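Q: Once you've had a glance at the structure underneath, I'll fire off some questions.
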Amino acid sequence: MLRHELQLRLKTSLNLMLKQHIEVLVYPIKEFEQLLKEEKEVNPFIEDVYFSPKIPALFESKTYSEVHYKPNPIEILMKNLQAEMEGKDLEIAYGLISFTDERGYLKADIKDIANQLRISKEKVEEIRKRVMETDPIGVCSLNIKEFFQLQIRELYPEDPKLQEYVDRALAGEKIPPKVKEKLRCLKLSPLEPSPAPVRISKVDAVIELDEGELIGYIYDELIEIKPSKFYREIYPSLKGEVRKFLKEFVNRYEIIKRILKIRRENLRKILDEIIRVQADFLKGEGELKPLMAKELAYKIGVSESTISRIINSKYVKTPQGTYPFKFFFVRETAGGASQDQVMKRIKEIITSENGEAPLKDEEIADILRKEGFRIARRTVAKYRELLGIPSSRERRKR
C-alpha cells in the first residue's frame, strides 16, 4: 500500500515537473514552496530545502488589510484564455480585454480596435466571440442585450424564445411572472463588483526604503536546495539498475534547480524594473508612471505573455502597502501619460468646476489637450465612469 502510494506521488510529481515545468515557473510562492516540500519528501537526492532566516521578518504578511488589491475576474479569464489560445490569437484576446470597461463591456468600435491591433475586423470578431464564451462569460460583449443572449444560450438552451421576452423587457414592456423569475437569474454585466481583499500569508517580493534607497528582495533568492551528501558521493560509482533508479531523482533535482534559477532571474529583472520606473510612487513622492509588459518583455528577452504569466497572482510588499505585481504595470495614453495620471487630473478638474455649469466631457478633453494630454472625449467619458463620477447633466446643481 505504502509502495503504491509512493509510486503514485512520484508519478504525479514527475509529470508536473517534466511535462508541465514551464507552469511551475509562474507559481505563486506559496504553491512553489509546497512543491519543493513535496519533492523533498519523495526525492532521496534532496537532503533539505531551507530558507534564509531573513525571510520571516520580510516576507510574512500578517495584516491582511494592507493588501490594496481585490481579486479581479479578468485574471481568471486570462488564465482560462491561456488554456484555450496561444500565439497571436492570445495576444489579440488580451488586446480586446484592454478595450473593456469596468463592467466587462467593449467600449470601442470593432473597426477602431482592428486598426489599432492591425488585423481584420473579421479576426477581431472571431476572437471576441471566443473571449465572450470563456469563463467568466460575457467579457467583450457589445451591450447588455448581447450579454443576455449569451447567458440564455448557456442557462436555458431549451428555451430559445426567452430572448423575445428579454427584448420586450428591455423595451419596457410587461412580461409574464414565470419568465420574470427566469430573467432574474441573468447577470446585468459580465464583471460583478470585486469581493473583499484577498488574504495572503506570504508575499513573493519585498521592497524596502533604506536611507532613501529602494532595495528589493525576492523570496526565491533566499531558498536553498541542499543535495544529499551521501548520495552525491556514491552516485558516480553506482552502476546498473541502482544508478538508473537514482538518476531519475538526480534529473528531478536538476530540473528543480533550473526552475528556481529561472524564477529568480526573471522575478529579479521584473522587480528591478518596477523599482526603477515606479520609484516616486514607492517612496511616497509621486504617482505611478507608465510601465508596459510589452516593453519590459523586449528588454529582458522574453515574450509579453511570459511576463503576464510570471506576474499573475504574485504580490510585493512595499513602503506604500502590499500590491500585486500587476498593479505597477500601467498603460500609457497617446500623450505619454499614465492612465492613473489622466484619471487624477480629470477628478481634479471636475472637483474645481462650477457646480451650476459643470463641464462636459468634450470640454474636459479640451482642457487636457491644452495641458499636453492627447485624449479623446470618449476616453474622458470612460475614465469618468471608472472614477464613479456622473455625467455633467447629473452633476448640475439645481
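The values are calculated or read from the model by the stated rules, or taken from the named source; none is laboratory data. None of the values given here were measured: they were computed from a predicted structure. Please note: Cβ atoms are built from the backbone with ideal geometry, for glycine as well, and neighbour counts cover all protein chains shown.
Q: So if I check each of 257, 314, 269, 283, which one is surrounded by 18 or more Cβ atoms within 10 Å (Cβ to Cβ), in contact (Cβ under 8 Å) with a residue 24 or more places away in the chain and of a type in the set (Lys, Arg)?
A: Working: 257 fails: surrounded by 18 or more Cβ atoms within 10 Å (Cβ to Cβ); 269 fails: surrounded by 18 or more Cβ atoms within 10 Å (Cβ to Cβ); 283 fails: surrounded by 18 or more Cβ atoms within 10 Å (Cβ to Cβ).
Checking each option against the conditions leaves just 314.
Q: Can you list residue pairs whose Cβ atoms sit under 8 Å apart, with the first residue in segment 371-383 being touching a residue at least 40 places away in the same chain (Cβ under 8 Å) and the second being outside any loop (DSSP other than H, G, I, E, B) and among the charged types (D, E, K, R)? Count only pairs 6 or more apart in sequence or on different chains.
A: 373/345; 375/369; 378/361
Every residue, every condition in (1) farther than 23 Å from residue 227 by Cβ; (2) of a type in the set (A, V, I, L, M, F, W, C); (3) modelled with pLDDT under 85; (4) part of a strand (DSSP E or B), yes or no:
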site	(1), (2), (3), (4)
39	no, no, yes, no
53	no, no, yes, no
56	yes, no, yes, no
62	yes, no, yes, no
69	yes, no, yes, no
77	yes, yes, yes, no
94	yes, no, yes, no
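Q: I'd like the full set of residues that are more than 31 Å from the chain's Cα centre (by Cα) and of a type in the set (Lys, Arg), limited to segment 340-368.
A: 360
Q: How many of the residues in segment 73-98 are free of Cβ contacts under 8 Å to residues at least 24 places away in the same chain and farther than 17 Å from residue 26 by Cβ?
A: 3
Q: Another question, if that's okay. Just to be sure, is residue 231 aromatic (Phe, Trp, Tyr), in contact with a strand residue (DSSP E or B) (Cβ under 6 Å, 6 or more places away or on another chain) and within 20 Å of residue 50 (Cα to Cα)?
A: no
Q: Identify all residues within segment 236-247 that are assigned to a helix (DSSP H, G or I), out of contact with any Pro (no Cβ under 8 Å at 6 or more places or on another chain) and at pLDDT 75 or above; write none if there are none. Step through it out loud before you land on a result.
A: First, pick out the residues of segment 236-247 that are assigned to a helix (DSSP H, G or I): 236-237, 240-247.
Still in the running and out of contact with any Pro (no Cβ under 8 Å at 6 or more places or on another chain): 236-237, 240-245, 247.
Within segment 236-247, 236, 237, 240, 241, 243, 244, 245, 247 qualify.
For (1) surrounded by 15 or more Cβ atoms within 10 Å (Cβ to Cβ); (2) of a type in the set (Asp, Glu); (3) modelled with pLDDT under 80; (4) closer than 27 Å to residue 116 by Cα, each residue gets a yes or a no:
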residue	(1), (2), (3), (4)
328	yes, no, no, yes
331	no, no, yes, yes
334	no, no, yes, yes
338	yes, no, yes, yes
343	yes, no, yes, yes
349	yes, no, no, no
352	no, no, no, no
356	no, yes, no, no
359	yes, no, no, no
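Q: While we're looking at this one, here's another question. Select from segment 365-398 the residues that are in contact with a Pro (Cβ under 7 Å, 6 or more places away or on another chain), charged (D, E, K, R) and within 23 Å of residue 101 (Cα to Cα) and list them in ascending order.
A: Step one: list which residues in segment 365-398 are in contact with a Pro (Cβ under 7 Å, 6 or more places away or on another chain), which gives 392, 395-396.
Those still in the list that are charged (D, E, K, R) too: 395-396.
Correct list: 395 only.
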